[in-house]
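Data block below; observations after.
The values are calculated or read from the model by the stated rules, or taken from the named source; none is laboratory data. Everything numeric in this text was worked out from a predicted model, so none of it was measured. FYI the Cβ positions are ideal-geometry reconstructions off the backbone, even for glycines, and counts take in every protein chain you see. Protein only, heavy atoms only, side chains kept; ligands, DNA and RNA dropped before computing areas. Shrake-Rupley method; radii C 1.70, N 1.55, O 1.52, S 1.80 Å.
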Amino acid sequence: MSLSVPQNGVKADNEPVIELFVKAGSDGESIGNCPFSQRLFMILWLKGVVFNVTTVDLKRKPADLQNLAPGTHPPFVTFNGEVKTDVNKIEEFLEDVLSPPKYMKLGARHPESNTTGMDIFAKFSAFIKNSKPDTNEGLERGLLKTLQKLDEYLRSPLPDEIDHNSIEDVKVSDRKFLDGDEMTLADCNLLPKLHIVKVVAKKYRGFDIPKEMTAIWKYLNIAYTREEFTNTCPSDKEIEIAYGDVAKRLVK
């Protein structure tokens, strides 16, 4: 599947020619489960640049794509015909070349926003791939601990939310995302992974992110209202299918 984003977008003569190649879903056409693909998809969408998206069926990778990026799996990008294959380097490159005033700057202002929640996906992977009941509880606690840290960060006011001239203390942050009221590169990295954790842990372990973690739920629910997230996200069913062979049953 190939589509132009935004679908009503008109590319100006001086705009770059950008194509994003992402992992296809189980049907070979829809968007597949890949947080790295969604990360780049979100970045390009937020930048407001016109670009094309092509889903790549890994079971039948077309010959022309093998010639374009031999030995490379999605996601990757072509920028004015030049192939870019490393996700972190692609992010840096796009932030550098698609810069203000024409394009939004997406870098977080607070360094902590980039590192908060970084270990959640690793803890989740250990939890979901475990097949031993006697270690399940400890792995679940490890996941909960990392989620708690994220909830606390989202709840804590950022420095620019605190008015030092005011007599009233701001105890709870009112912001929408990790670094403020707008999405940044930090959200493009974390949100796809956090959504996978929510969907897969529920399906295969009956695990819910605790309702008491209200800041995380607020964060996710706001993301679910934003087209930058919902239009770049695979379906829950697609995520569940992707983890069908990865998630291990607890065997006594």
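Among the residues of segment 213-239, write down those that are within 24 Å of GLU29 (Cα to Cα), in contact with a helix residue (DSSP H, G or I) (Cβ under 6 Å, 6 or more places away or on another chain) and assigned to a helix (DSSP H, G or I).
Matches in segment 213-239: GLU228, PHE229, ASP236, ILE239.
Take segment 17-29 and flag every residue that is within 23 Å of LYS193 (Cβ to Cβ), open to solvent by 40 Å² or more (accessible area, probe 1.4 Å) and in contact with a strand residue (DSSP E or B) (Cβ under 9 Å, 6 or more places away or on another chain).
Hit for segment 17-29 is LYS23, nothing else.
Looking at segment 124-155 only, could you name the residues that are open to solvent by less than 40 Å² (accessible area, probe 1.4 Å) and of a type in the set (A, V, I, L, M)?
Residues satisfying the conditions are ILE128, LEU143, LEU147, LEU150, LEU154.
Are there helices (runs of 4 or more DSSP H) fully within segment 103-212 with at least 1 residues that are among the hydrophobic types (A, V, I, L, M, F, W, C)? List them.
Per the criteria, 120-129, 133-155, 185-205.
Return only the number of the condition from (1) closer than 29 Å to MET183 by Cα; (2) of a type in the set (S, T, N, Q); (3) open to solvent by 40 Å² or more (accessible area, probe 1.4 Å) that THR54 does not satisfy.
(3)
Just wondering, is there one or more residues in segment 78-85 that are within 25 Å of ILE31 (Cα to Cα), open to solvent by 70 Å² or more (accessible area, probe 1.4 Å) and either acidic (Asp, Glu) or within 16 Å of the chain's Cα centre (by Cα) (or both)?
Within segment 78-85, one or more residues are within 25 Å of ILE31 (Cα to Cα), open to solvent by 70 Å² or more (accessible area, probe 1.4 Å) and either acidic (Asp, Glu) or within 16 Å of the chain's Cα centre (by Cα) (or both).
List pairs: first residue in segment 192-214 and closer than 15 Å to GLU240 by Cβ, second residue open to solvent by 10 Å² or more (accessible area, probe 1.4 Å) and hydroxyl-bearing (Ser, Thr, Tyr) anywhere in the structure, Cβ distance under 7 angstrom, at least six positions apart or on different chains.
VAL200/TYR243; TYR204/TYR243
Would you be able to tell me the number of residues in segment 119-151 that are within 17 Å of LEU191 (Cα to Cα) and without any contact (Cβ under 8 Å) to a residue 24 or more places away in the chain?
Here the count works out to 3.
Restricting the first residue to segment 221-236 and requiring it to be within 20 Å of ASP181 (Cβ to Cβ), which pairs with a second residue that is among the small types (Gly, Ala, Ser) meet a Cβ separation below 7 Å and a spacing of at least six or different chains?
Once the first residue is within 20 Å of ASP181 (Cβ to Cβ) and sits in segment 221-236, its partners that are among the small types (Gly, Ala, Ser) give PHE229/ALA223.
LEU194 fails exactly one of the following numbered conditions: (1) open to solvent by 30 Å² or more (accessible area, probe 1.4 Å); (2) closer than 23 Å to SER26 by Cα; (3) among the aliphatic types (A, V, I, L, M). What is the number of that condition?
If we test LEU194 against (1) open to solvent by 30 Å² or more (accessible area, probe 1.4 Å); (2) closer than 23 Å to SER26 by Cα; (3) among the aliphatic types (A, V, I, L, M), just (1) comes out false.
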